[in-house]
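Scroll down for the structure; my scribbles are underneath it.
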Number of protein chains: 2
Amino acid sequence: MTEGPVDVRADTRARLQRAALELFTRDGFEQVTADDIADAAGTSRRTFFRCFPTKADAVWGEFGAHVARLDRLLAATHGDQPVLASICAAYVEVNDYAAADLPTLRQRMALILGEPALQAHSQVRYADVDRVVAGHVARRTGQAPGDLLPRLVATSTRAAATTAFEVWLAGGTTTLGHALHAAFDQLALGFPALRPPPGS
Amino acid sequence: MTEGPVDVRADTRARLQRAALELFTRDGFEQVTADDIADAAGTSRRTFFRCFPTKADAVWGEFGAHVARLDRLLAATHGDQPVLASICAAYVEVNDYAAADLPTLRQRMALILGEPALQAHSQVRYADVDRVVAGHVARRTGQAPGDLLPRLVATSTRAAATTAFEVWLAGGTTTLGHALHAAFDQLALGFPALRPPPGS
DNA sequence: TGCCGGGTGGCACTGGGTGTCACTAACGTG
DNA sequence: CACGTTAGTGACACCCAGTGCCACCCGGCA
């Protein structure tokens with residue numbers, strides 16, 4: 001059903017995704033209609049909405065699989081490591097793309113972080129990530145996933161990750177992994193770079 | 001223009017806002033159409049969209065004024081206070097509502113944090129907050145607003161604030177101010193509650 | 001009286017998203 | 001070979017958010 005020698009559905013889905021990424025980057029998210037994407041992919045508007053529940057979802061690739069992988073990585077974490085270190089390592093590993101995939105990733109993230117409509121939509125997708133991370137923290141600390149600490153760790157580590165993505169995207173000088181580690185270090189140490197503020 | 005003895009515009013705006021909050025809470029955000037709100041407020045759909053650029057914006061009250069106030073509070077901050085403490089104090093003061101306004105605030109925040117569509121929209125409004133906070137951190141540390149640290153502090157403090165709101169909303173046992181302080185303390189100290197994880 | 005100008009309502013239009021139906025190609029099974 | 005079955009698709013109609021446009025009404029003002 002999901003696999004097979006020639007999965008027609010997966011093929012049109014991939015074509016639509018490529019066309020969407022291309023057109024969004026070229027003309028901007030709002031300027032491109034679902035009809036435009038369907039035409040560019042050689043199919044119909046109706047099929048587009050059968051492959052992606054939303055115009056915005058065409059940008060997100062296999063994000064659900066990434067979240068599932070993050071979940072598995074966190075579950076396999078050794079308990080002798082600090083919680084934040086485990087989360088950081090899992091984030092880094094999930095975002096360890098092959099060099100050949102980096103251009104597509106840049107394109108994707110530039111859209112997600114740059115286009116207001118996609119920025120808004122991202123909140124919904126990130127909520128899944130937060131649930132996974134909060135669950136892990138809850139397991140490790142014996143608290144409920146709805147308590148302050150698990151929630152807070154989940155949202156602020158995700159904040160660190162997206163900030164690292166922004167810096168990586170804008171600067172271009174650093175590796176994504178480096179940016180992630182830098183952000184997580186600040187977070188884990190309570191922002192040491194903020195400590196010596198005015199004192200002479 | 002914005003004020004006067006009888007500002008007709010402001011009155012219909014207030015009526016629309018009340019009607020929207022009421023209907024959204026009762027029937028859910030997606031189920032209520034702009035026509036429903038306009039009818040309930042005794043005006044027309046067209047007028048609704050002249051008062052609020054988006055259906056979602058009817059929930060946000062005078063959010064722009066709050067952001068401006070946050071900006072002023074941060075600008076008036078004394079330099080002898082740690083940066084995070086200044087931000088926490090400013091957040092607490094901006095969210096120091098009169099007891100009479102708390103029910104409306106609960107209603108508003110329950111919608112914003114609960115309805116997926118409003119959750120998504122919130123990202124756009126919060127971006128203004130982040131800009132303000134990042135600017136403050138940049139000023140205090142001498143970095144550029146686009147650098148890692150100012151961005152990271154802005155997004156993670158906002159994460160702390162929204163998490164505090166969630167806990168306040170769900171639990172109902174604590175004050176909003178208490179929840180904010182608890183979240184900021186965790187953040188400022190690098191999550192001390194996470195430190196002694198499995199040891200011993 | 002006539003000339004404004006702001007707030008309004010009606011109307012038509014674009015575009016995202018959904019439900020429904022008919023068509024087609026692949027795949028058995030008799 | 002004829003047969004139902006099923007998945008993928010395209011076409012059409014529909015709802016609703018949001019926008020541009022225009023006509024209207026009403027309070028001021030010369």
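Can you sort A:HIS121, A:HIS181, B:HIS136, B:HIS178 by 1.4 Å-probe accessible area, starting with the largest?
B:HIS178, A:HIS181, A:HIS121, B:HIS136
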| task | Can you tell me the equivalent ellipsoid semi-axes for the range B:48-98? Use √(5λ) from the Cα gyration tensor, largest first, whole Å. | result | 30, 10, 8
| message | If I model the range B:8-58 as equal point scatterers sitting on the Cα atoms and use the Debye formula, what is log10 I(q)/I(0) at q = 0.14, 0.25, 0.29, 0.32 Å⁻¹? | response | -0.26, -0.86, -1.18, -1.42
| query | Where does the range B:61-191 land on Rg(C-alpha)/(2.2 N^0.38 Å)? | reply | 1.03
| task | Enter the accessible area of B:GLU93 (Å², nearest 10), with the probe set to 1.4 Å and all protein chains included. | result | 100
| said: Testing the spin-label approximation: label points 7 Å from Cα along Cα→Cβ at B:THR54 and A:THR54. State their distance in nm. | reply: 1.1
| message | Among B:ASP27, B:ASP101, B:ASP80, which one shows the highest mean-square fluctuation when chain B is modelled as a Gaussian network with alpha-carbon springs under 10 Å? | response | B:ASP80
| query | Cα axis of helix B:63-75 to longest principal axis of chain B: angle in degrees, 0 to 90, nearest 10? | reply | 30
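Per residue and in Å³, how big is the convex hull formed by the alpha-carbon atoms of the range A:102-149?
Working: hull volume 4.4 nm³, N = 48.
Hull volume over Cα atoms, normalised by residue count, gives 91 Å³.
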| task | As a check on your grasp of the helix formula, calculate [θ] at 222 nm for chain B: sum -39500 (n - 2.57) over DSSP H runs of n ≥ 4, divide by the residue count, round to the nearest 500. | result | -22000 deg cm²/dmol
| message | How are the alpha carbon pair distances in the protein assembly as shown distributed across 20 Å bins from zero to the largest one, expressed in percent? | response | 24, 55, 20, 1
| said: From Cα pairs below 8 angstrom and at least 6 apart in sequence, can you work out the relative contact order of chain A, rounded to a whole percent? | reply: 17
| message | Tell me the accessible surface of A:LEU73 in square angstrom (1.4 angstrom probe, heavy atoms of protein chains only), to the nearest ten. | response | 50
| Between the range A:28-49 and the range A:143-175, what is the C-alpha centre distance in whole Å? | 32
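Can you tell me the convex hull volume per residue for the range B:126-167, based on C-alpha atoms, in Å³ to the nearest whole number?
Working: hull volume 2.2 nm³, N = 42.
So the per-residue hull volume is 53 Å³.
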| remark: Relative contact order as a percentage, the range A:8-58, C-alpha pairs under 8 Å and 6+ apart, gives 38
| How far apart, in nm, are the 7 Å Cα→Cβ label points at B:ALA144 and A:ALA127? | 3.5
| Roughly what angle does helix A:8-27 make with the longest principal axis of chain A, taking Cα atoms, 0 to 90 degrees, to the nearest 10? | 80
| Rounded FRET efficiency, nearest 0.05, which uses the C-beta distance separating B:GLU30 from A:ASP7 and R0 of 45 Å | 0.85
| task | Treat each spin label as a single point 7 Å out from the Cα along the C-beta direction, and report the A:TYR97 to B:HIS66 distance in nm. | result | 3.5
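The values are calculated or read from the model by the stated rules, or taken from the named source; none is laboratory data. What you see is a predicted model, and the numbers here were worked out from it, not measured in a lab. Don't worry about glycine lacking a Cβ; one is built from the backbone with ideal geometry, like all the others, and counts go over all protein chains shown. The protein model used for the area step is the full one, side chains on, heavy atoms only, and it has no ligands, DNA or RNA in it. Shrake-Rupley method; radii C 1.70, N 1.55, O 1.52, S 1.80 Å.
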